[in-house]
Amino acid sequence: MYRKAAPKQKTCFIPGSLSDYIPEDHLLRRVNAVLDLRWLEEEVRGLYTEATGRPCIAPERAVRLMLAGFFHGVVQDRKLMREAQVNIAYRWFAGYELDEALPDHSSLTRIRQRWGEARFRRIFERSVTQCAQAGLVGGEMLHVDASLIRADVSWQSLVQVHVDRVLQENAPDEEAESAPPPARKGKLKKLSLTDPDATLTTSCPQQRLEPSYKQHTAVDDKAGIIVDVRVTTGEVNEGKELIGQLQRVAEAVYGGQLPQAVTADRGYASSANYAALEQLQIAAVIPPQPDKTPHRGMPLRRFAYDPQQEVVRCPAGKLLTRRSRRQQGWVYRARPAECQACALRPRCVSPSAHSRSVYLKDGYCALLRARRCKEKGWPQPMQEAYRRHRWKVEGIHGEAKSCHGLRRAARRGLSNLRIQAYLTAAVINLKRLAKLAPGPLKTYLLCIWQHCFIPRATPAFRGRISRRSSKPCRCPLPSIG
């Protein structure tokens, strides 16, 4: 039968605490079990005065508020504070009660400006350290990739670079204030007035240039943990960042040890990278770029290079010697008299040139070996490693953009975007740590396995287990020998 609803009555008191209303499987509850920010207060203590000024927001509370928003893709401060007003999970995660006033959104902006990007990078590095201590970082294979992040600027803010330079060099006087600035010959470059750090770039030749930044990401293969993040302007070539990124990861995460293999896409397939990885004894799972020599002439692959004699032999058997040095390699040129009498001259040398010249970049031999290996067909381990690269690091970029608001910069400036990238990377690492880190029961069972069963196993089985897990056990159980 139909029954009229009773009028609502406001509740004076809420029984229990806020944690009683957070589901056990909620993301923030699981992350709260592994997140440790107690070190942060001592880290930023020197940035505040203890005798004067208003009381500051607790550093751990401020960072937890930011992280709570990043977990759900809320990266704007105003939207974050509006969400925290009604979302009790945000309040509980940051340590605010229901009757406690939340900080103003401008306070988070001032905190970022006061702390700087270096301290937010330490938050990210701490998350990497926690993942390494939990056994989620292997150190054998590293996946490296770069992704563009759209800058928070409009198309109307783009101007030509030379106009700004002319206005600075030629200050307008009172008589010629309305006269247009003179045009400067040469290549023009567009620049955003609202965000000068952003540069025009694109990831696909079929798409138009957009003001963007570029994020260089390194992901460990074992559990998909982000071990290094670097944000630059969009025009920086990602191939030039590879070796420096490997060194940073080896020093900060792998204890000075370099990974055994590195995977990357064709943007990293330069002769210098192949040569450097060979020198470091790292397997390069990087598909080489095809030879871009025009088909109308004699292709470069027809010329044999002798690195010991430092000469190049053309298809007719003539020698090309070193003539001049460029920024990234050497120019080899043949004698004009030999090219004049050569039967292959119509196919090899243009009518306006006296002789044939080729330009070989540094590390050309390593590039040739990488091309031959790809033409013969990669072995099965390299193919499997490159397949893992596609969903490991490229999947990280997709997750950061679709779930954590990194598709577009939330604020302007290179420093602000680096802070956003560090927090996003820390959030992704904490998600994996909360999901994959062993709990107390699993840790206890592993300790029993190590102390009770392994000592009684055969020497071969014991050696195989010790190679898999070289970290010592810290549990109080006595060993049975």
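The values are calculated or read from the model by the stated rules, or taken from the named source; none is laboratory data. What you see is a predicted model; the values in this text were computed from it and never measured. No Cβ is skipped: glycine too gets one built from the backbone with ideal geometry, and neighbour counts run over all protein chains shown.
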Given the criteria modelled with pLDDT of 95 or more, buried (at least 18 other Cβ atoms within 10 Å of the Cβ) and part of a helix (DSSP H, G or I), does R91 qualify? no
Please enumerate the residues belonging to the range 369-397 that are surrounded by fewer than 17 Cβ atoms within 10 Å (Cβ to Cβ) and within 25 Å of F303 (Cα to Cα). R369, R372, C373, K374, E375, K376, G377, W378
Across the range 300-351, which residue is farthest from L368 (Cα to Cα) among those that are assigned to a loop (DSSP other than H, G, I, E, B) and basic (K, R)? R335
Can you pull out the residues in the range 95-108 that are surrounded by fewer than 19 Cβ atoms within 10 Å (Cβ to Cβ) and without any contact (Cβ under 8 Å) to a residue 40 or more places away in the chain? G95, D99, E100, A101, L102, D104, H105, S106
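Quick grid of which residues meet (1) under 20 Å from V31 (Cβ atoms); (2) in contact with an Asp or Glu (Cβ under 9 Å, 6 or more places away or on another chain); (3) outside the structural domain of T233 (by TED's automatic domain parsing):
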residue: G46; (1), (2), (3): no, no, yes
residue: E60; (1), (2), (3): yes, yes, yes
residue: G73; (1), (2), (3): yes, no, yes
residue: L80; (1), (2), (3): yes, no, yes
residue: I88; (1), (2), (3): yes, no, yes
residue: P103; (1), (2), (3): no, no, yes
residue: I111; (1), (2), (3): no, no, yes
residue: L148; (1), (2), (3): no, yes, no
Determine which single condition Q281 fails, assuming it passes every other condition in (1) touching a helix residue (DSSP H, G or I) at 6+ places or on another chain (Cβ under 7 Å); (2) in the same structural domain as M382 (by TED's automatic domain parsing); (3) outside any helix (DSSP H, G or I). (1)
Would you please list the contacts, defined by Cβ atoms under 6 Å and residues six or more apart or on different chains, that run from a residue in the range 289-315 that is under 23 Å from A343 (Cβ atoms) and of a type in the set (D, E, K, R) to a residue that is outside any helix (DSSP H, G or I) and modelled with pLDDT under 85? R301/D291
Looking at the range 36-56 only, could you name the residues that are modelled with pLDDT of 90 or more, out of contact with any helix residue (DSSP H, G or I) (no Cβ under 6 Å at 6 or more places or on another chain) and either among the hydroxyl-bearing types (S, T, Y) or assigned to a loop (DSSP other than H, G, I, E, B) (or both)? D36, R38, W39
Since F71 meets every condition but one in (1) touching a strand residue (DSSP E or B) at 6+ places or on another chain (Cβ under 7 Å); (2) under 26 Å from I22 (Cα atoms), which condition does it not meet? (1)
